[in-house]
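Following: one structure in C-alpha cells, then a few remarks.
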Amino acid sequence: MADATAAGLPEPNAMVLATVSTDSADAAPSTRTVLCKGIDERGLVFYTNYTSAKSRDLRSNRRASVTFPWYGLQRQVHLRGSVEQVSREETAAYWATRPRGSQLGAWASPQSVVLSTRRVLEDALQAITNRFADAEEVPVPPHWGGWLLRPERVEFWQGRGDRLHDRLAYDHTQDRRWVIRRLAP
Ligand SMILES: Cc1cc2nc3c(=O)[nH]c(=O)nc-3n(C[C@H](O)[C@H](O)[C@H](O)COP(=O)(O)O)c2cc1C
C-alpha cells in the first residue's frame with residue numbers, strides 16, 4: 001500500500017471486493033470496488049451501507065475476497081478470509097473524519113435499492129440536510145458501518161520478465177503462523 005501510494009497510483013486503497021450470497025439458489029458471485037480504510041494486525045476494514053447488496057451477501061456468507069489491482073506497479077494482492085462487523089466505536093471514529101457532505105449522502109442513499117429517478121435521491125439529500133441543519137455533528141446512520149476482513153490467505157503477485165512472474169501465497173495456520181509458498185505464474 002505504501003508503494004502504491006508513493007508511486008502516485010490513482011485510488012491506491014481501492015480494492016475489488018467479491019462476495020457470494022448463499023441466499024441465491026445459484027450462489028452467484030458479485031464484485032464491486034470499495035476503499036480500504038484501515039489495515040492492522042486484525043486485517044482490512046472498509047465502510048459501507050449495512051443494507052446494501054454486499055452487506056446482505058456478507059451476512060448470509062461471511063467468506064469474502066478482495067483484490068488490490070495495482071497495474072501501474074505490475075502488482076496485485078489478493079486476500080481471502082471471513083468478515084465481521086467492526087464495533088460501533090470504530091465506525092464512529094472513522095465517520096468523524098468524513099466530510100459533512102459524505103455523511104449526509106450516506107444518510108440519504110438506500111444503497112443498492114432501485115430508484116425511479118435521480119430526483120428521488122436529490123430530494124432525500126435535501127430532506128436529510130434540512131433534518132440535520134442545526135446539528136453541529138451528523139450522527140452515524142444505524143445502517144452504516146465497517147466490515148473487517150480477517151485474511152486467511154494473502155497472495156502477492158509481481159509481474160516480471162518473460163511471464164515468469166512472482167507469486168507468493170501466505171496461508172494462516174491454526175497456530176497463527178503464516179506458511180509461505182511460491183506458486184507458478
Ligand atoms: C473507486 C471506488 C471506491 C468506492 N468505495 C466504496 C466504499 O468504500 N464503500 C462503498 O459502500 N461503496 C464504494 N464504492 C461503490 C461500490 O463499488 C458499489 O457501487 C456500492 O458499494 C454498491 O455495491 P453493492 O450494491 O454490491 O452493495 C466505490 C466505487 C468506486 C469506483
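The values are calculated or read from the model by the stated rules, or taken from the named source; none is laboratory data. Model, not experiment: these values are computed from the prediction. A quick note on method: Cβ atoms are made from the backbone with ideal geometry, for glycine too, and the neighbour counts reach across all protein chains shown.
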Thr67 fails exactly one of (1) touching a strand residue (DSSP E or B) at 6+ places or on another chain (Cβ under 7 Å); (2) within 18 Å of Ala106 (Cβ to Cβ), namely (2)
Listed by first then second residue, the pairs whose first member lies in region 57-70 and is at pLDDT 95 or above, whose partner is away from the ligand (no atom under 14 Å from the Cβ) and assigned to a helix (DSSP H, G or I), with beta carbons under 8 Å and at least 6 positions apart or on separate chains, are Trp70/Asp3
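Residue-wise test of (1) within 20 Å of the chain's Cα centre (by Cα); (2) modelled with pLDDT of 95 or more; (3) surrounded by 14 or more Cβ atoms within 10 Å (Cβ to Cβ).
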| residue | (1), (2), (3) |
| --- | --- |
| Glu90 | yes, yes, yes |
| Ser102 | yes, yes, no |
| Gly105 | yes, yes, yes |
| Glu122 | no, yes, no |
| Asp134 | no, yes, no |
| Val138 | no, yes, yes |
| Pro185 | no, yes, no |
Within region 7-45, residues modelled with pLDDT under 95 and β-branched (Val, Ile, Thr) come out as Thr22
Scanning region 42-64 for residues that are within 12 Å of the ligand (Cβ to nearest atom) and among the polar types (S, T, N, Q), the one nearest to the chain's Cα centre (by Cα) turns out to be Thr48
When region 52-88 is checked residue by residue, the ones that are of a type in the set (Ser, Thr, Tyr) and buried (at least 16 other Cβ atoms within 10 Å of the Cβ) are Ser52, Ser55, Ser65, Thr67
*Is it fair to say Val154 is closer than 11 Å to Leu104 by Cα and β-branched (Val, Ile, Thr)?*
no
Of the residues in region 1-25 that are of a type in the set (Val, Ile, Thr) and surrounded by 11 or more Cβ atoms within 10 Å (Cβ to Cβ), the one that is farthest from the ligand (Cβ to nearest atom) is Thr22
Note on Ser87: of the conditions (1) within 25 Å of His172 (Cβ to Cβ); (2) within 11 Å of the ligand (Cβ to nearest atom); (3) free of Cβ contacts under 8 Å to residues at least 40 places away in the same chain, unmet is (2)
